[in-house]
1. Residues in segment 1-36 that are touching a residue at least 24 places away in the same chain (Cβ under 8 Å), under 13 Å from the mean Cα position of the chain (by Cα) and either farther than 22 Å from Arg53 by Cα or not in a helix (DSSP H, G or I) (or both): how many?
2. Taking the conditions exactly as written (modelled with pLDDT of 95 or more, of a type outside the set (Ser, Thr, Tyr) and more than 10 Å from the chain's Cα centre (by Cα)), does Ala43 satisfy them or not?
Amino acid sequence: MYTVFADWATSHGADALYLGVPEQHIQAYHFWQRMGFEANKQAPSINTQREHRLMRKEL
């Protein structure tokens, strides 16, 4: 599913993908690291008080 979306984004001119991982979800963070994403910065969630780690991957 991820590769289909990345291919679609690339075909529509995207040069990077971004996602937010809740700070307490360490396993999810490590999963996205293995998929090639890098931590970009931290930001508060829009609908909760928890911090999210924003991640980015060049396409």
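1. Result for segment 1-36: 9.
2. Criteria not met by Ala43.
The values are calculated or read from the model by the stated rules, or taken from the named source; none is laboratory data. Computed from a predicted structure; not experimentally measured. Note that we place each Cβ from the backbone using ideal geometry, even for glycine, and neighbour counts take in every protein chain shown.
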